[in-house]
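The values are calculated or read from the model by the stated rules, or taken from the named source; none is laboratory data. All values derive from a computational prediction rather than experimental measurement. Each accessible area value is taken on the protein alone, full model and side chains, heavy atoms only, with ligands, DNA and RNA left out. Shrake-Rupley method; radii C 1.70, N 1.55, O 1.52, S 1.80 Å.
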Amino acid sequence: MRRLDLVALSVGLVVAGCTAGTPASPEERSRAVAEQLGDGWDAEVVDDPRDGSFVLARPTHAAVWTVGAPVDEVADLTRDTAWGGFWVPALRSATADSNIRAVVADAATLPDTVVSWQVNVNRDDPGLALGMEELAVDLRDRFAAQGLEVNEARVVSWRDRDVALVAFTVPAEVFGDEARYVRQWFIPASSPEAMWSFSCDAPADPELSAELCRTGLDGFRVPVPSEGSTT
């Protein structure tokens, strides 16, 4: 099975805006997210030793992996799936300095497949020097150069700011004979400078996963210094 560049595949919906009344601490923010998402969803604080505390939402039946943690729960949940065959070895080999920082794996919402989302932080991404429109074009070219079918690359709104969205199709021959549709949102931060991203990896029909991906991103919160003091 040909493996894509992990950094390019894993680096990268519109969410309610930030206000001065948004809870400041990660714990308060996670509780607010859980209340917002409602039954069947949890939100938790990921205390990343390198990149700070961020909030990650997941369906209650999903498994979560964070960098440095065992992969066993995710591996068990995704056993004998194309997703597990592709991603579990990559997670096992991830180091403390890997770009990929967290993964949610959901093997129950859609039958016979896995939908996942992951958080990545790249401090050396060349796109940090670009404006949003330029970043979207640059990302489109990067993924197209890997032989991927880029379905869209554009600037969208996320929490009252502009970010870059790229969506592309992963061919079946790459991903264990299962074609995939990946949406990625790239979120530049300046304090410290880094490219945060949220990606949703799902079956080839994007309509099947649209609501699930949207809800996962609705519950994602980057560290407060990366969003500004009013977030």
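How would ARG159, ARG79 line up by accessible area, probe 1.4 Å, largest first?
Heavy-atom accessible area, descending, gives ARG79, ARG159.
Roughly how much of GLU152 is accessible, in Å² to the nearest 10, using a 1.4 Å probe?
The accessible area comes out at roughly 60 Å².
To the nearest 10 square angstrom, what accessible area does SER53 show with a 1.4 Å probe?
Accessible area of SER53: about 40 Å².
Just reorder LEU56, LEU208, LEU110 by solvent-accessible area, largest first, 1.4 Å probe, all chains present.
Ranked from most to least accessible, the order is LEU208, LEU110, LEU56.
Shape verdict for the range 132-221, please, from the Cα gyration tensor: rounded (a/c under 1.5), prolate (a/b greater than b/c) or oblate.
The shape class here is oblate.
Show that you can apply the helix-only estimate: for the chain, add -39,500 (n - 2.57) for every DSSP H stretch of four or more residues, divide by all residues, and state [θ] at 222 nm to the nearest 500.
-8000 deg cm²/dmol
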